[in-house]
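Asker: Supplied in structure tokens, the structure appears directly below.
The values are calculated or read from the model by the stated rules, or taken from the named source; none is laboratory data. Computed from a predicted structure; not experimentally measured. Cβ: placed from backbone, ideal geometry, glycine included. Neighbour counts: every protein chain shown. With ligands, DNA and RNA removed, areas are computed over all heavy atoms of the protein, side chains included. Shrake-Rupley method; radii C 1.70, N 1.55, O 1.52, S 1.80 Å.
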Amino acid sequence: LASAPRPDRIGSAAFVPGELTRGDLPLAQHIDGPVSAPVMIATGSRPGPTLWVQAAVHGGEVGGTLGLARFLERVELSTMAGAVIGILAANPLAFQAQARNTPQDGENMNRVFPGSLSGTITRQMARRLFETARTTADMVVDLHSGGAEATVPFYTLYWDDGSPASAAARALAVSAGTATVWAARDEWLSGALIVQLTRSGTPALIVESGGGAALEDGEIESFASAIESIARAGGLLPGSPGSAREPTMIGSCDLVFTKEGGFFVPRCRPGQIVEGGERIGEVVDVFGQVRERISSGKRAFVAALGRPYLPVHSGAMIAELNDIVSHGGA
Amino acid sequence: MALDPDWRSVGTAVRRPGERTTGFLELGGTPGGAVGSPVIVAAGGEPGPTLWVQACVHGTEVGGIAGIHRFLESVDLAGLRGTIVAVLSANPLALRAQTRNTPYDGENLNRVFPGKHDGSHSQQVASRLVAEATRVADVAVDLHSGGDRSHVPLYGIYWASGSAAARQASELAHASAVPYVWAATDSWLAHSFMAQMTEQNVPAIIIECGGAGQVGEEHVSGFARSLASVAAQAGMTHAVPVNEVRGIIDECTLVYNQAGGLFQRMVEPGSIVHETQPLGRVVDLLGHTLETVRSPVGPAYIGAIRKSWAAVPSGEMIAECIKLQSE
């Protein structure tokens with residue numbers, strides 16, 4: 001459990017047994033006043049663990065925000081133990097701009113955790129989120145998607161460093177009900193919230209789903225049901241998580257970039273397994289000519305894929321290709 | 001030392017002895033076609049080294065372009081030994097958008113050298129710049145300023161790694177007609193163009209001058225005078241190099257504010273401050289002082305200071321305080 005006693009509130013939102021409360025958590029200062037993240041706290045009728053769930057570290061990834069709000073609105077507080085802290089827009093500046101990175105400094109918040117109070121605005125916000133989560137939460141879930149540019153399958157991700165917190169995060173990741181779990185060790189993820197929390201002893205995981213500048217109700221429901229399953233596995237809600245199947249485990253991720261400018265035309269699907277040499281997609285120029293053919297260098301799980309006809313410059317990240325560690329089963 | 005000393009062209013600009021030609025160096029692709037930099041190749045009548053000079057790695061730092069124009073106007077091509085290659089828009093997307101970082105991927109181009117041919121847009125631009133510069137250049141100068149945000153004094157920077165190229169870069173920096181030289185060992189500069197060119201045995205320096213949204217005559221002439229002196233030091237002209245160095249600086253602290261509001265500057269660019277000396281204050285819209293931002297080190301050279309009345313949220317880079325190493 002979190003080392004410090006639980007505070008009375010997170011920002012202006014209070015823990016009130018049996019109630020759902022709302023408020024704001026100040027993270028930085030804008031020119032004319034505070035920059036605050038909207039917070040909801042669902043407090044159970046009896047003591048128990050604290051689950052921190054946050055969405056929209058990348059501002060355009062709103063599926064998590066809506067899934068988190070849906071879960072918090074419908075959770076039965078009379079049967080719940082502990083509390084769920086919901087941070088609905090973890091990067092308020094990026095959320096307002098509907099941009100992946102913070103517009104003020106261009107930084108990707110999920111690369112700068114644990115942050116710094118003597119750094120850029122993104123690092124100051126990251127520091128306050130990290131410290132608040134670390135000192136109040138027993139487990140943390142960070143919700144992501146492919147945003148406006150890419151589409152991702154429904155999967156979970158935890159930091160695989162062999163520590164007790166990592167093992168606990170793995171158990172939560174498997175409980176979420178996804179067909180795929182990424183056991184991550186890629187160094188470029190080291191500034192992610194879940195990595196820094198796992199290293200400091202708090203089990204933390206990412207849930208990914210959807211994107212591609214579109215949002216179906218099913219994706220919102222995927223997030224809500226994943227949070228519910230994790231809350232069961234974490235002992236906040238009664239019953240078993242309900243996931244009987246063994247997920248497919250994936251590992252090391254290659255980021256694939258275009259070398260030409262034009263429009264990206266996918267030749268596979270997010271969540272598909274592609275063979276080495278198999279076509280991922282093409283870049284077609286304004287004249288309709290194929291300028292670049294992009295293939296996978298290995299047998300891989302397609303963990304993210306640029307949306308159809310995404311306008312791209314050279315250097316656009318259009319796919320994440322993960323090694324397959326083990327295949328799942330029923 | 002250039003990998004290809006007998007090079008014939010940079011992009012579409014061809015080297016013809018005694019002539020000044022122009023052309024286009026492709027640096028990346030967009031949905032609408034290629035992006036790249038206008039290039040000037042000013043070839044002397046006599047053989048000699050190639051001086052690569054580039055501007056606008058950060059898109060708002062346009063003073064370097066004017067400085068290159070002024071410098072080239074002063075060059076007598078018939079008497080010049082060697083060739084000057086001027087890359088006027090090293091980060092084309094940032095210049096077009098008038099932003100410091102590359103708008104497409106948000107990256108700071110001067111933190112990603114030598115780049116990657118299969119990386120992000122900025123990394124690909126960096127990779128192409130380094131490939132072309134190491135192919136043709138014997139010495140390189142990268143021109144910077146405070147852009148639209150900060151006042152920056154005239155000073156030079158080289159990567160003090162101790163290599164033979166770094167020693168040559170030190171000599172170039174000392175001969176660049178600047179009052180202060182930053183003998184840089186700060187790790188966050190390791191992926192600058194200057195550092196990576198020096199690592200690849202091409203002595204390279206940065207010249208900083210001006211900013212705060214202004215390009216004044218003193219900035220244009222400052223860049224031009226520095227470039228002329230560097231060319232003299234490289235043996236390309238008969239002029240005597242100008243060494244006006246008064247102090248050596250290193251170990252830079254980037255100072256950020258925590259309060260949001262309007263910034264009021266309290267120090268001059270290029271001044272020496274003591275530890276805890278106020279650099280400026282942040283006032284709210286009602287006129288109350290919310291924060292006094294102080295130098296965390298001293299004695300330190302003000303390598304950059306945010307302009308007054310800048311509207312700042314928390315986490316803006318207010319100043320560069322660079323420790324004075326010797327005078």
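Asker: Please work out which residue is most open to solvent (accessible area, probe 1.4 Å), limiting yourself to segment B:103-125 and to residues that are more than 10 Å from chain A (Cβ to nearest Cβ) and hydrophobic (A, V, I, L, M, F, W, C).
Answerer: Out of the qualifying residues, it is B:Val112.
Asker: Check A:Leu310, A:Leu255 and return the single one that is crowded, with 23+ Cβ neighbours inside 10 Å and either facing chain B (nearest Cβ under 10 Å) or in contact (Cβ under 8 Å) with a residue 40 or more places away in the chain (or both).
Answerer: After applying the criteria, what remains is A:Leu310.
Asker: For the subset of segment B:249-268 comprising residues that are over 21 Å from B:Thr289 (Cβ atoms) and open to solvent by less than 40 Å² (accessible area, probe 1.4 Å), which member is nearest to the other protein chains (Cβ to nearest Cβ)?
Answerer: Step by step, filter segment B:249-268, then rank; the result is B:Cys252.
Asker: Residues A:Gly115, A:Gly33, A:Gly82, A:Gly106: which one is on the phi > 0 side of the Ramachandran plot, in contact (Cβ under 8 Å) with a residue 12 or more places away in the chain and more than 18 Å from the chain's Cα centre (by Cα)?
Answerer: A:Gly82
Asker: Could you check segment B:176-189 and list, in sequence order, the residues that are farther than 18 Å from B:Thr50 by Cα and in contact (Cβ under 8 Å) with a residue 24 or more places away in the chain?
Answerer: Matches in segment B:176-189: B:Ala177, B:Val178, B:Pro179, B:Tyr180, B:Val181, B:Trp182, B:Ala183, B:Ala184, B:Thr185, B:Asp186, B:Trp188, B:Leu189.
Asker: Looking at (1) open to solvent by 20 Å² or more (accessible area, probe 1.4 Å); (2) part of a helix (DSSP H, G or I); (3) away from chain A (no Cβ under 14 Å), which is the only condition B:Val130 fails?
Answerer: (1)
Asker: Against the condition open to solvent by less than 10 Å² (accessible area, probe 1.4 Å), under 20 Å from A:Leu51 (Cα atoms) and in a loop (DSSP other than H, G, I, E, B), how does A:Thr156 come out, does it pass?
Answerer: no
Asker: Could I ask something else about it? If I filter segment B:66-103 down to residues being β-branched (Val, Ile, Thr) and touching a residue at least 60 places away in the same chain (Cβ under 8 Å), which single residue comes out as nearest to A:Pro103 (Cα to Cα)?
Answerer: Among those residues, the one meeting the criterion is B:Val87.
Asker: If I ask for residues that are within 14 Å of another protein chain (Cβ to nearest Cβ) and open to solvent by less than 30 Å² (accessible area, probe 1.4 Å), which ones from segment B:55-102 would you list?
Answerer: Listed by number, the residues that qualify are B:His58, B:Gly59, B:Thr60, B:Asn91, B:Pro92, B:Leu93, B:Ala94, B:Thr102.
Asker: Looking only at segment A:181-202, filter to residues that are hydroxyl-bearing (Ser, Thr, Tyr) and crowded, with 22+ Cβ neighbours inside 10 Å; which one of those is farthest from A:Thr248 (Cα to Cα)?
Answerer: A:Thr202
Asker: While we're looking at this one, here's another question. Does A:Val325 satisfy the criteria of being modelled with pLDDT of 95 or more, away from chain B (no Cβ under 12 Å), under 30 Å from A:Arg170 (Cβ atoms) and open to solvent by 10 Å² or more (accessible area, probe 1.4 Å)?
Answerer: yes
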